[in-house]
Amino acid sequence: MNQASLSDKIRLKKARIGVIGLGYVGLPLATLLAQKGFKVTGFLRSQKKVEEFASLKTLIDTVDRRLFKKVIQQKKLVPAVLSPSTLAGQDIVIICVPTPITHDKKPDLSAMKSVASVLRRLDLSGKLVINESTVAPGTTKELFGNLTRQGFLACSPERVDPGNREKSIETISKLVGGRDKKSTRLAANLYRQIIKEVVTVSSMEVAEMAKMLENTYRAVNIALANEFALLCEKVGIDILEVIQAASTKWSYQAHFPGIGVGGHCIPVDPYYLVDLANKVKSSMTVVPAALRRNNDMAHVVFEKVKSVYKRGMTIVVYGLTYKRGVDDTRESPVIAFCELLKSASIPFTVYDPIVGKDFDSLGLTRAKRIYADIFVVGTDHPQIEKDQKDFVSSKTIVIDGRNAITAKIGSRVIGVGRAIQ
Ligand code: SAJ
């Protein structure tokens, strides 16, 4: 198929679209494409996942469940196991697979490479392949450039914000960069069918690097807030009041200190950048230092607990997930914090109002609703104001790892960069 006919199919919403990976990025995208009138196939790794998906068992909180059910029931979005035969019928393929890091903080492109191995067995002439997964500049071309020589290739990094009801995939501006002008135009026209603001850039590498900058910017500024919080503790100044004051300046964007940085983006993406810098021998000092600072915050909160802990005291850790309001524990700093308690043989139990499954697999004990001697805020879930009443008595020492407690509770509140006596 040539560009003109693919362009017409996109304009008429007749293009058949395959979305590979139906996680927190792929699922809302596939649902929105189907809702807007495209015929979408969602590709999963196994038949078991296909059956789970078809039975609407999805747990992904970034998708509108009502819409999801509708497009499934109308068969506008159908699941299939990823294979050359099931993928062959698609005009457009959008890659939304995880790009995590290994235990030694190196990029893990295994999921991307397995997609490339499937695409390699297809004739991609005239087809458009778009990579949404977060990778270092040059990766999209390296993995898919040769495979798509007779077709079109673009990169449009995902910008989904899990747990944020205000920003839906439809309202978050979308960057698009193609290998060539035709690829950019086709990809941009596709997204313009479903997303309000689409911004084109001159290449895939610019799009890849912009995503790296967005998330590394956030990691570095969180690290700055953490560093200021530690200094504020030493000089007796309340970091939250300082941040609030600084926020009156137009060019300052507030970031907040805490027990650490978790999730599948902010503590992960910058390591792809560090890896690239090492490969091309480009000096990088700020980013690695910021990542170390953020990773050290779990230990900072652990030291606060140790400073008040006496053998026999009961400890309840509130919140296990990487951020408020989500049920995701990936790279959660609270898990790192719990590991520190375990290694110091300090007994504790954990309460999280959202997480159901991870406790056993993480070797953690769910807390009973009892007054604790020490109550540690690991995640500032929206329910915390109500929930803390079950654990905090007038004698409880509160170690507030998220500076979530705004008024005095218990005997005292020790935060990160602040304290409420
Ligand atoms: N965190 C802080 N201090 C802050 C902000 C966050 O310690 O000031 C911690 C959070 O508790 C969490 C981690 O950092 O553990 C990540 O928080 P996040 O709000 O950045 O959450 P994410 O990972 O869901 O970030 C997403 C990202 N979206 C994409 O990568 C597409 C990120 O780029 C967005 O900037 C972010 O949402 C957002 O702005 O809400």
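The values are calculated or read from the model by the stated rules, or taken from the named source; none is laboratory data. Only a predicted model underlies this, so the values are computations on that prediction, with no experimental measurement involved. Quick reminder, even Gly has a Cβ in these numbers, built from the backbone with ideal geometry, and neighbours come from all protein chains shown.
Only one of these conditions is not met by Ala223: (1) in contact (Cβ under 8 Å) with a residue 40 or more places away in the chain; (2) assigned to a loop (DSSP other than H, G, I, E, B); (3) of a type in the set (Gly, Ala, Ser); (4) under 30 Å from Cys155 (Cα atoms). Which number is it?
Of everything listed in (1) in contact (Cβ under 8 Å) with a residue 40 or more places away in the chain; (2) assigned to a loop (DSSP other than H, G, I, E, B); (3) of a type in the set (Gly, Ala, Ser); (4) under 30 Å from Cys155 (Cα atoms), Ala223 misses just condition (2).
So which residues in the stretch 196-226 are touching a strand residue (DSSP E or B) at 6+ places or on another chain (Cβ under 7 Å) and within 14 Å of the ligand (Cβ to nearest atom), if there are any at all?
Within the stretch 196-226, Ala207, Glu208, Ala210 qualify.
Here is a list: Ile169, Ile195. Which entry is in contact (Cβ under 8 Å) with a residue 24 or more places away in the chain, closer than 30 Å to Ile335 by Cα and either over 21 Å from the mean Cα position of the chain (by Cα) or in a loop (DSSP other than H, G, I, E, B) (or both)? Step through it out loud before you land on a result.
Numbers: Ile195 fails: closer than 30 Å to Ile335 by Cα.
After ruling out the rest, the residue left standing is Ile169.
I need a count of the residues in the stretch 118-130 that are surrounded by 21 or more Cβ atoms within 10 Å (Cβ to Cβ) and touching a residue at least 40 places away in the same chain (Cβ under 8 Å).
Result for the stretch 118-130: 3.
Would you check if Asp269 is at pLDDT 95 or above, surrounded by 17 or more Cβ atoms within 10 Å (Cβ to Cβ), among the acidic types (Asp, Glu) and more than 17 Å from Ile414 (Cα to Cα)?
Numbers: at pLDDT 95 or above: yes; surrounded by 17 or more Cβ atoms within 10 Å (Cβ to Cβ): yes; among the acidic types (Asp, Glu): yes; more than 17 Å from Ile414 (Cα to Cα): yes.
In short, yes.
I'd like to know if the stretch 357-369 contains one or more residues that are hydrophobic (A, V, I, L, M, F, W, C), buried (at least 22 other Cβ atoms within 10 Å of the Cβ) and either away from the ligand (no atom under 14 Å from the Cβ) or assigned to a strand (DSSP E or B) (or both).
Residues of the stretch 357-369 hydrophobic (A, V, I, L, M, F, W, C): 359, 362, 364, 367.
From what is left, the residues that are buried (at least 22 other Cβ atoms within 10 Å of the Cβ) are none.
No, the stretch 357-369 contains no residue that is hydrophobic (A, V, I, L, M, F, W, C), buried (at least 22 other Cβ atoms within 10 Å of the Cβ) and either away from the ligand (no atom under 14 Å from the Cβ) or assigned to a strand (DSSP E or B) (or both).
Among Ala246, Ala254, which is surrounded by fewer than 17 Cβ atoms within 10 Å (Cβ to Cβ) and more than 25 Å from the chain's Cα centre (by Cα)?
On the way: Ala254 fails: more than 25 Å from the chain's Cα centre (by Cα).
None of the others qualify; the one that does is Ala246.
Is it the case, given these coordinates, that Ala154 is of a type in the set (A, V, I, L, M, F, W, C), under 18 Å from Ile17 (Cα atoms) and in a helix (DSSP H, G or I)? Walk me through it before giving the result.
On the way: of a type in the set (A, V, I, L, M, F, W, C): yes; under 18 Å from Ile17 (Cα atoms): yes; in a helix (DSSP H, G or I): no.
No.
If you check Gly312, Gly319, Gly258, Gly262, which single one turns out to be in contact with an Asp or Glu (Cβ under 9 Å, 6 or more places away or on another chain) and free of Cβ contacts under 8 Å to residues at least 24 places away in the same chain? Working first, answer last.
Numbers: Gly319 fails: free of Cβ contacts under 8 Å to residues at least 24 places away in the same chain; Gly258 fails: free of Cβ contacts under 8 Å to residues at least 24 places away in the same chain; Gly262 fails: free of Cβ contacts under 8 Å to residues at least 24 places away in the same chain.
So the residue among Gly312, Gly319, Gly258, Gly262 that is in contact with an Asp or Glu (Cβ under 9 Å, 6 or more places away or on another chain) and free of Cβ contacts under 8 Å to residues at least 24 places away in the same chain is Gly312.
Going through Val160, Val176 one at a time, which residue ends up being outside any helix (DSSP H, G or I), in contact (Cβ under 8 Å) with a residue 24 or more places away in the chain and within 21 Å of Ser7 (Cβ to Cβ)?
Values: Val160 fails: within 21 Å of Ser7 (Cβ to Cβ).
Residue meeting the stated conditions: Val176.
Report the residue count in the stretch 172-196 for those that are at pLDDT 95 or above, within 24 Å of Asp269 (Cα to Cα) and either of a type in the set (Lys, Arg) or surrounded by fewer than 18 Cβ atoms within 10 Å (Cβ to Cβ) (or both).
3
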